[in-house]
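For reference, the structure discussed in these notes is given below.
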Amino acid sequence: MTDRERFEVVLNELGFLLDRIGDLCEVVLIGGQVLAVEQLAAGEDPVLKVETDTGQTVERGYSFEPDLLIEHPDPDESPRWDEFPHILREAGYHRTQRTYRWEKEVGEVQVLIDLFKPHPGLQTATEMTALPRGETVLARAKTVRLQVGHRALAVKTPSSVDFILMKLDATKIRRPPDSKDAFDLYAYVRRRTATAVGRSLGAAPERDECLDRLLELFGTGHSPGVLDVLKYAPTLGPIEQELLAKDVVTVFRDVRAATSSAS
Amino acid sequence: MTKKDRQPQALGRQAFWAQPPALPEDLRLTQLETIVAPRRGRGGEAVFDLARLQTPSASVVLVISFRSPASAQDVLTAKRQLTTIIEDLRLRAAGSGRGATTYVPTFASDVVPKSILEACVREGLAVLDRRGTIIAHQGPLFVHVEGRATVDRPSRIRIFSGRACRVVRFVLAHPGVRLKPQEVASGTQTSYAFTHGVLTKLERNGYLNRPSPRAGFRLRDGTALLRAWIDSGERTAVQVTPYFAPNTRPEALARAVASAREHGVGSIFTLASALEPGQVFASGLPHGAYVAGDTTPFEETLQLQRVTPHNFWILRADPASESTAGGLYAFKRTLPHGDAVALPQLAVDFAISGGRGKEQADHLLSLFAKSLPPPELDE
């Protein structure tokens, strides 16, 4: 089974689950799988090949575990909030030792889903991790439509600004630190283009916060985000690593330029 | 054993004075001053301590040279240096008109073995160690106390590299089994003494236990041991050659192994090529194989090219790991397309592969933890 086939099994299960959740609450796919879904929706391989202008290619993988941000239901519907864990169980999932994670075996694929809630104070019927800025992510989410086998899937994903903000937040709060967030930011901008991302940031209220943090992470060849990206390319030689580092810095400099011209 | 117990005991000269050895009630040892003397060679200086030893009948000043770990050669060197230092102290004392002080040349260490202790007595040196040993047969003194306190001696063994790692692999491959050191030594083709050293170090760190010193060792905390191996950053591969492989499907991998075998080249899969379908956690992971010999069969069969993206790695194992005795080939798993390294080795290889390898390694660690047998209960 290839990675793509495996991912399609996961997405098929996700579609099945979303159908069952129905109108109980909104669900937004967050995290590293967003890019893979967008790739698939564009008819491309979900593993993104990030290529620099000088020809170095680094593959960007993703975990097979969807991260789902669950919206707080309408107060009129709140008694139904208790249904959520039952829906998961009826769909064949069971809770793992990490209580925010649910698991289901589908053939040889283990489908794991991690649940997030939009703010820490929210009482939920099953354990969920609080996501900073979760309410905004829900409010600005957009729908991506794709065909997975025979299933037409409509998945909500974060806006460009929210994807970048979530990844920037993750670089600060994730313990232990992980290089994947910086690499995901680079891969995201490379895929969406610096101009498009810059335009989105330029129109967002969080514009200055984003730009400051991006500069901190990717300002020079020795900035922490650039070093994190290089951890994704341990097999490149020193010159190729240097070229990759330069590309990362250039891409984010272009984002800043595009943001300035958009605002 | 609690996590706190696993903290290694502080050793060395500074730790010696921070927590001096427990001596009998009527003996008192007080550090007075430190002398730093220039000397030739590495470091360019030697450090000595002056300490007053008071007994019910006498008071002397010990001039102490601290060496750890101690060797017989150290005793002779220390004696020469202490003679010079004491001579200098006497000359200075005579010049200042102070009364005569009895200086006793003293050799100190964390643990002074019996043979070193005898060498010190023979050479006229007093002896101190952290077990509570104090032996001084000089001048007006006759003190002879052989300490029995337990001191964790520092071990220079790097347990996650070279031959020591063969012992680690062996232990991780036999959870729930009481292992005699001789059995492990035979299984890993290492000496009894070396194996025992590694096993006791693992025991001190809380990974193994045994109900009594004569009983065999049993894996107590396999998850922590594998986590420590992953966190050590020690690499089994001494060389990694990255390639782009246009096809990494199992059929292609099987053809590469068959071709290597035909040419008499040993190989074993690792990284994504060694994952069973149910173990996959992330995508975009590199495939790979340890190859012992000519890599041409792999390069030709898989049409490997030295271009990016690097999705197939050929790894050269360090010689100590390229073995069927506790090495990579000892605890292999059989997959449809060929042999693959054991789960702990696979987790370690992923952890140092960069990218999403760390997440996959963590997932394998959790699978390994689930596979461990329940703990052995006391009768």
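Charges only on Cβ, +1 for Lys and Arg, -1 for Asp and Glu: so what's the dipole of the protein assembly as shown about the Cα centre, in debye to the nearest 20? Each step should come with its number before you reach the end.
Values: 79 positive and 78 negative charges, 551 e Å.
Result for the protein assembly as shown is approximately 2640 debye, rounded to the nearest 20.
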Inset, instruction - Report the semi-axes of the equivalent ellipsoid for the stretch A:3-158 in whole Å, largest first, where each axis is √(5λ) for an eigenvalue λ of the Cα gyration tensor. - result: 27, 18, 15
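Pick out the long, greasy-scoring helices in chain A: whole DSSP H runs spanning 24 Å or more along their own axis by Cα, mean Kyte-Doolittle at least -1.0. Walk me through the intermediate numbers first.
Numbers: long enough: A:3-21 (27 Å, -0.06); A:238-262 (36 Å, 0.16).
Correct list, ordered by number: A:3-21, A:238-262.
Roughly how big is the stretch A:3-158's charge dipole about its Cα centre, with Cβ charges of +1 (Lys, Arg) and -1 (Asp, Glu), in debye to the nearest 20?
On the way: 18 positive and 28 negative charges, 32 e Å.
It comes to approximately 160 debye.
Report the gain in length on full extension from residue B:180 to residue B:146: 0.36 nm times residue separation, minus Cα-Cα distance, nm rounded to one decimal.
Values: separation 34, 0.36 × 34 = 12.24 nm, distance 3.12 nm.
Fully extending the segment from residue B:180 to residue B:146 adds 9.1 nm.
Placing +1 at every Lys and Arg Cβ and -1 at every Asp and Glu Cβ, with all other atoms neutral, what dipole size does chain A have around its Cα centre, in debye to the nearest 20?
On the way: 33 positive and 43 negative charges, 93 e Å.
So the dipole magnitude of chain A works out to roughly 440 debye.
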Inset, instruction - Quick one: among B:27, B:117, B:364, which has the greatest mean-square fluctuation in a GNM of chain B with alpha-carbon springs under 10 angstrom? - result: B:27
Inset, instruction - Could you work out the mean projected area of the convex hull around the alpha carbons of chain A, in square nanometres to one decimal? - result: 14.6
Legend entry - Whole-Hz couplings from phi, Karplus 6.51/-1.76/1.60, listed for the stretch B:210-216; x for Gly and Pro: 8, x, 8, x, 8, 7, x
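So what is the 222 nm mean residue ellipticity for chain A from helices alone, if each DSSP H run of at least 4 adds -39500 (n - 2.57) and you divide by all residues, rounding to the nearest 500 deg cm²/dmol?
On the way: 10 runs with 124 residues, N = 263.
Helix-only estimate at 222 nm: -15000 deg cm²/dmol.
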Inset, instruction - Given the options B:272, B:224, B:100, state which has the largest fluctuation in a GNM of chain B using a 10 Å cut-off (strictly under) for Cα springs. - result: B:100
Legend entry - Mean separation of Cα contacts under 8 Å (6+ apart) over length of chain B, as relative contact order %: 12
Inset, instruction - Throw me the Rg/Rh for the protein assembly as shown, computed over C-alpha atoms with Kirkwood Rh, two decimals. - result: 1.09
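For residue A:212 and residue A:54, what is the calculated FRET efficiency with R₀ set at 35 Å and r taken between the beta-carbons, to the nearest 0.05? Mind showing how you got there, number by number?
Details: r = 28 Å, r/R0 = 0.81.
The pair residue A:212/residue A:54 has a calculated efficiency of 0.80.
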Inset, instruction - Set Lys and Arg Cβ to +1 and Asp and Glu Cβ to -1, take the dipole of the stretch A:3-158 about its Cα centre, and tell me which of A:120, A:14, A:32 lies farthest positive. - result: A:120
Legend entry - chain A, relative contact order in percent, only Cα pairs under 8 angstrom and at least six apart counted: 17
Inset, instruction - Report, to the nearest 10°, how far helix B:250-262 tilts away from the longest principal axis of the Cα atoms in chain B, using its own Cα long axis and a range of 0 to 90°. - result: 70
Inset, instruction - Show the residues, 5+ positions off or on another chain, whose built amide H is closer than 5 Å to the amide H of residue A:48. - result: A:60
Legend entry - Choice from B:195, B:295, B:30 showing the highest fluctuation, given a GNM over chain B with Cα pairs closer than 10 Å: B:30
Legend entry - Placed amide H near residue A:153: partners under 5 Å, 5+ positions off or other chain: A:146, A:147, A:148
Legend entry - Euclidean distance between Cα centres, the stretch A:1-48 to the stretch B:203-220, Å: 47
Inset, instruction - Just report the Cα centroid separation between the stretch B:46-76 and the stretch B:263-309, whole Å. - result: 59
Inset, instruction - Over the stretch A:161-262, calculate the relative contact order: mean separation of alpha carbon pairs under 8 Å at least 6 apart, over the residue count, as a percent. - result: 37
Inset, instruction - Sort B:263, B:137 from largest to smallest accessible area, using a 1.4 Å probe on the heavy atoms of the protein chains. - result: B:263, B:137
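If I stretch the segment between residue B:31 and residue B:90 completely, what's the gain in nm (0.36 nm per residue apart, minus their alpha carbon distance), one decimal? Intermediate values should be presented prior to the final figure.
On the way: separation 59, 0.36 × 59 = 21.24 nm, distance 1.87 nm.
Gain in length upon complete extension: 19.4 nm.
Using only alpha carbons, build the gyration tensor for the stretch A:161-262 and give me the equivalent ellipsoid semi-axes, biggest first, whole Å.
On the way: eigenvalues 95, 51, 21 Å².
Gyration-tensor ellipsoid for the stretch A:161-262: 22, 16, 10 Å.
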Legend entry - the stretch B:218-374 - Rg and Dmax from Cα coordinates, angstrom: 14.9, 47
Legend entry - Förster radius 25 Å - calculated FRET efficiency between residue B:300 and residue A:242 (Cβ-Cβ, nearest 0.05): 0.20
Inset, instruction - Note down the nm distance, to one decimal, between modelled labels 7 Å out along Cα→Cβ at residue B:371 and at residue B:325. - result: 2.5
Legend entry - Mean ellipticity per residue at 222 nm, deg cm²/dmol - from DSSP H runs of n ≥ 4 across chain B, formula -39500 (n - 2.57): -10500 deg cm²/dmol
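The values are calculated or read from the model by the stated rules, or taken from the named source; none is laboratory data. Predicted, not measured: the structure shown is a model, and the values here were computed from it. No Cβ is skipped: glycine too gets one built from the backbone with ideal geometry, and neighbour counts run over all protein chains shown. Ligands, DNA and RNA are excluded from the accessible area calculation, which covers all protein heavy atoms including side chains. Shrake-Rupley method; radii C 1.70, N 1.55, O 1.52, S 1.80 Å.
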